[in-house]
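The values are calculated or read from the model by the stated rules, or taken from the named source; none is laboratory data. Every value quoted in this text rests on a predicted model; they were computed, and no experiment measured them. Here the Cβ positions follow ideal geometry from the backbone for every residue, glycine too, while neighbour counts run over all protein chains shown.
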Amino acid sequence: MDGPRAPLDAEFPTVVEFLDRNLRPQAGWSIRDEYPVALGRQNIGNIRIIKDDDRVLSHAVMRPLIVKSPVGLFKVAGIGSVVTSSGHRNRGLSRTIIENCLQAAREHGCDFAILWTDLHDFYRKMGFELAGSETSVVLEEEIDVPADGLKILETSKVAADPIHRLYARHTVTSLRTLDETRQYLRIPNMRVYTAWDAAGALQAYAIEGKGSDLDGYVHEWGGEVPALLALIAHVRRAQKRPITVIVPAHSQNLLRRLKAHPVVVNEGFLGMVKILNHANLYAKIKRHARSVGVGGFALERQGDLTYIGAGAGIFKTDADADVIRLVFGPHKASQIHGFDPKTSEALEAVLPVPMWIWGWDSV
Ligand SMILES: CC(C)(COP(=O)(O)OP(=O)(O)OC[C@H]1O[C@@H](n2cnc3c(N)ncnc32)[C@H](O)[C@@H]1OP(=O)(O)O)[C@@H](O)C(=O)NCCC(=O)NCCS
């Protein structure tokens, strides 16, 4: 058995071929086109494979992201394309490879890891927990929002710069380069909608679909709410099928405006999260607590125990899953423990940390 290790440059085509065969057997494109950054050659050092007799048996990729939020900068490890060839499953290969990816993420200084999966129990065994908040707004019917004065285009052949500029205005973003935005615009099987004003300035964008994933989901969007709302209404009209817009819990204005229409709202999790560097993460949150004037805020890990509280109301727990859900949501302090109202209020002024990973960055 050879690995887990990063592939050599010369092995890269074989790795992509392994992924295409196992994860995209029917697609008319390569998985590499769907994840141009995570599965790009520049990220090869964060890919992990296990080989035997020169054949790839198992794979996972880690993609470090820097996420800017009102609480500060977080270093996040996105994990994805986890797969073991069918004849070699249940021998611990994926577990070994994921542990190795997590180790690489710790060495990169990542605060936490995140992934998207239906195999919750598989990842719970490795310390991941469903956490964070994601609101899905389903437009079963058309919504009546006119696109007054806006010219709407449906094409991915648009300039990356204005999209990049609108993206940068979000409260929570990953630090993306303009070139990464250009690469994302070339992802196959994706509908790109843009709304332009009479002066030719981009007012809103909305992206539906992404390769084999997120069909019918608007997973990336940006712009001022009125133009964005008109664009979303256009997407629903143009596609003549239900469309779901995924929205972070902190996008209160957009959520309020969408909910004014006959839509179905589902509350979900952002993803499965595992804290990698407790001390770093907690230091950032405590710094934020001080900056918003919450005194005596405690968030400390000692051994397997976490101490959480404010002032005299300190609670101690060995359940990391509870801590993950308190730090990133959706739990509120009062749901985890019977804190007195003053402590709950102090905790809820700081937690959950607003966190979001936009669709193009998901791994
Ligand atoms: C899911 C998958 C990656 C697991 O790979 P693997 O090499 O067989 O996994 P491991 O042998 O390391 O299993 C680790 C643990 O998870 C358990 N497990 C494996 N597959 C599981 C599943 N589908 N659901 C729940 N638990 C699972 C194993 O029993 C093992 O538990 P243990 O350590 O307590 O014995 C593999 O089945 C696969 O490639 N599936 C198709 C692609 C896929 O679905 N990828 C997941 C993308 S998120």
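Checked against the criterion of being small (Gly, Ala, Ser), over 30 Å from Pro25 (Cβ atoms) and in contact (Cβ under 8 Å) with a residue 40 or more places away in the chain, the candidates Gly211, Gly223 yield just one match: Gly223. Among the strands (runs of 3 or more DSSP E) confined to the stretch 186-283, the ones with at least 1 residues that are buried (at least 20 other Cβ atoms within 10 Å of the Cβ) are located at 191-196, 202-210, 213-223, 243-248, 271-275.
Listed by first and then second residue, the pairs linking a residue in the stretch 15-30 that is among the hydrophobic types (A, V, I, L, M, F, W, C) and modelled with pLDDT of 95 or more to a residue that is within 16 Å of the ligand (Cβ to nearest atom) and assigned to a helix (DSSP H, G or I), with Cβ atoms under 9 Å apart and 6 or more places separating them unless they lie on different chains, are Val16/Ile31; Leu19/Ile31; Leu23/Ile31; Ala27/Asp20; Ala27/Glu34; Trp29/Asp20. Counting the residues of the stretch 140-161 that are surrounded by 12 or more Cβ atoms within 10 Å (Cβ to Cβ) and hydroxyl-bearing (Ser, Thr, Tyr) gives 1. Per the listing Gln26, Gln42, the residue uniquely more than 20 Å from the chain's Cα centre (by Cα) and within 16 Å of the ligand (Cβ to nearest atom) is Gln26. Among residues that are more than 16 Å from the ligand (Cβ to nearest atom), buried (at least 19 other Cβ atoms within 10 Å of the Cβ) and more than 18 Å from His278 (Cα to Cα), Val76 is not included.
Tell me, please, whether a residue that is closer than 22 Å to Ala105 by Cβ, of a type in the set (S, T, N, Q) and not in a loop (DSSP other than H, G, I, E, B) can be found in the stretch 53-60. Yes, the stretch 53-60 has at least one match. The requirement of being touching a residue at least 12 places away in the same chain (Cβ under 8 Å), outside the structural domain of Leu23 (by TED's automatic domain parsing) and under 19 Å from the mean Cα position of the chain (by Cα) is not satisfied by Tyr193. Here Thr317 clears all of (1) of a type in the set (S, T, N, Q); (2) under 25 Å from Asn189 (Cα atoms); (3) touching a Phe, Trp or Tyr at 6+ places or on another chain (Cβ under 9 Å) except the condition numbered (2). Within the stretch 116-127, does at least one residue satisfy the condition of being on the phi > 0 side of the Ramachandran plot and either under 21 Å from the mean Cα position of the chain (by Cα) or acidic (Asp, Glu) (or both)? The answer is yes; a qualifying residue exists.
From the list Glu34, Glu11, which one is out of contact with any Gly (no Cβ under 9 Å at 6 or more places or on another chain), away from the ligand (no atom under 13 Å from the Cβ) and modelled with pLDDT of 95 or more?
From the options Glu34, Glu11, the qualifying one is Glu11.
Looking across the stretch 80-126, the residues that are assigned to a helix (DSSP H, G or I) and within 6 Å of the ligand (Cβ to nearest atom) come down to Leu93, Ser94, Arg95, Asp121, Phe122.
Picking from residues in the stretch 314-363 that are among the basic types (Lys, Arg) and free of Cβ contacts under 8 Å to residues at least 24 places away in the same chain, the one that is nearest to Leu65 (Cα to Cα) is Lys332. Selection within the stretch 127-160: residues that are touching a Gly at 6+ places or on another chain (Cβ under 8 Å) and not in a loop (DSSP other than H, G, I, E, B). The member of this set that is nearest to the ligand (Cβ to nearest atom) is Leu130.
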